[in-house]
Amino acid sequence: MGLIERQKSTVELSHWRGRIPVNYVYTAGRAGERFFRETMNGRLLAARCSACGRTYLPPRTYCERCFTRIEDNFVEVPSQGQVHTFTVCHKKMDGSPIEEPVVMAMVRMDGTDGGLVHYLGEVHPRDVRIGMPVEAVFNPKKERKGSIFDIKYFRPRK
């Protein structure tokens, strides 16, 4: 039985031995692509639903509440927000220790119904708190590549 054949009975199922090669390219989609292009200019874009008023950051193609197409209704939003939740990391992704702990936070962005998960900087982990006002710090323009890492980190607002 081939991979595209429809299963008609659960007792006649087959299996695949070995590895299945999977080749794919992950894309940010149309809404995400425009968002990342604008981070290179130090701007944050969100998608606003004209039907129900929600403002999505990261931007979406369709409103999750009313299913209106919103990918062409972009608005610039402030690069400021508040810490919604956070964690202090003491190890790298591979499990090896980090010399200095880093803070990752979900930042609810002002003027939006969403937010971004990113690093916090210029703050000691013990001083981070839920609701703390923060602002994005962008990398120098010549170092920006159109990714979430065009934002170096979020720092406490002064």
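The table below lists the values:
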item	result
Output for segment 143-158, where each listed residue is part of a helix (DSSP H, G or I), exposed (fewer than 14 other Cβ atoms within 10 Å of the Cβ) and within 14 Å of the chain's Cα centre (by Cα)	none
Sole exception among (1) without any contact (Cβ under 8 Å) to a residue 60 or more places away in the chain; (2) polar (S, T, N, Q); (3) closer than 20 Å to residue 137 by Cβ for residue 73, by number	(3)
Count of segment 102-113 residues which are buried (at least 19 other Cβ atoms within 10 Å of the Cβ) and either under 22 Å from residue 56 (Cβ atoms) or among the aromatic types (Phe, Trp, Tyr) (or both)	4
Members of segment 44-63 that are within 21 Å of residue 107 (Cβ to Cβ) and under 16 Å from the mean Cα position of the chain (by Cα)	44, 45, 46, 47, 55, 56, 57, 58, 59, 60
Residue identified as farther than 22 Å from residue 37 by Cα and outside any loop (DSSP other than H, G, I, E, B) among 105, 51, 136	105
Subset tally (residues that are of a type outside the set (Phe, Trp, Tyr) and within 17 Å of the chain's Cα centre (by Cα)) for segment 76-96	11
Filter pass, residue 130 being touching a strand residue (DSSP E or B) at 6+ places or on another chain (Cβ under 9 Å), surrounded by fewer than 19 Cβ atoms within 10 Å (Cβ to Cβ) and among the β-branched types (Val, Ile, Thr)	yes
Verdict on residue 99 being surrounded by fewer than 17 Cβ atoms within 10 Å (Cβ to Cβ), at pLDDT below 95 and out of contact with any Phe, Trp or Tyr (no Cβ under 7 Å at 6 or more places or on another chain)	yes
Qualifying residues in segment 114-133 (those that are at pLDDT 95 or above, farther than 11 Å from residue 86 by Cα and assigned to a loop (DSSP other than H, G, I, E, B)) - the one farthest from the chain's Cα centre (by Cα)	124
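The values are calculated or read from the model by the stated rules, or taken from the named source; none is laboratory data. All values reported here derive from a predicted model rather than from experimental measurement. Cβ: placed from backbone, ideal geometry, glycine included. Neighbour counts: every protein chain shown.
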